[in-house]
Structure formats: structure tokens, C-alpha cells
Amino acid sequence: MLDLIKDLWGMMRVRKKFWLTPIILIMVLLGGLIVFAEGSAVAPFIYTLF
């Protein structure tokens, strides 16, 4: 997992693609929210946001 992050950061730095950083962060946060919401009592409240 750490190698993936290093490779991704290296690619963004070399190719000047820093605009990808907020997109990747939002995707990771939404993915974590979905995983967290699947098995908890918070799920009905989170699904009302979408």
C-alpha cells in the first residue's frame, strides 16, 4: 500500500499532475465512508446525504 502511494506521488510530481490530488483524496474519503457505513447504525443517516 505504501509503495502504491509512493509511486502515485512520484508520477504526479514528475508529470506535474498535482490537480489529481484533490480528486484522489475525495475518492478515498467517499470509499472509506461507504465501507464504514455498510456495517454500522449510521448507514441510514449517511445515505440520506446522497
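The values are calculated or read from the model by the stated rules, or taken from the named source; none is laboratory data. Predicted, not measured: the structure shown is a model, and the values here were computed from it. For neighbour counting, all protein chains shown are included, and Cβ atoms are generated from backbone atoms with ideal geometry for every residue, glycine included.
Quick notes on this one:
- Any chance Lys6 is out of contact with any Asp or Glu (no Cβ under 8 Å at 6 or more places or on another chain), at pLDDT 85 or above and at positive phi: no
- For the chain, the candidate set comprises residues that are of a type in the set (D, E, K, R) and in a helix (DSSP H, G or I); within that set, the residue that is farthest from the chain's Cα centre (by Cα) is Arg13.
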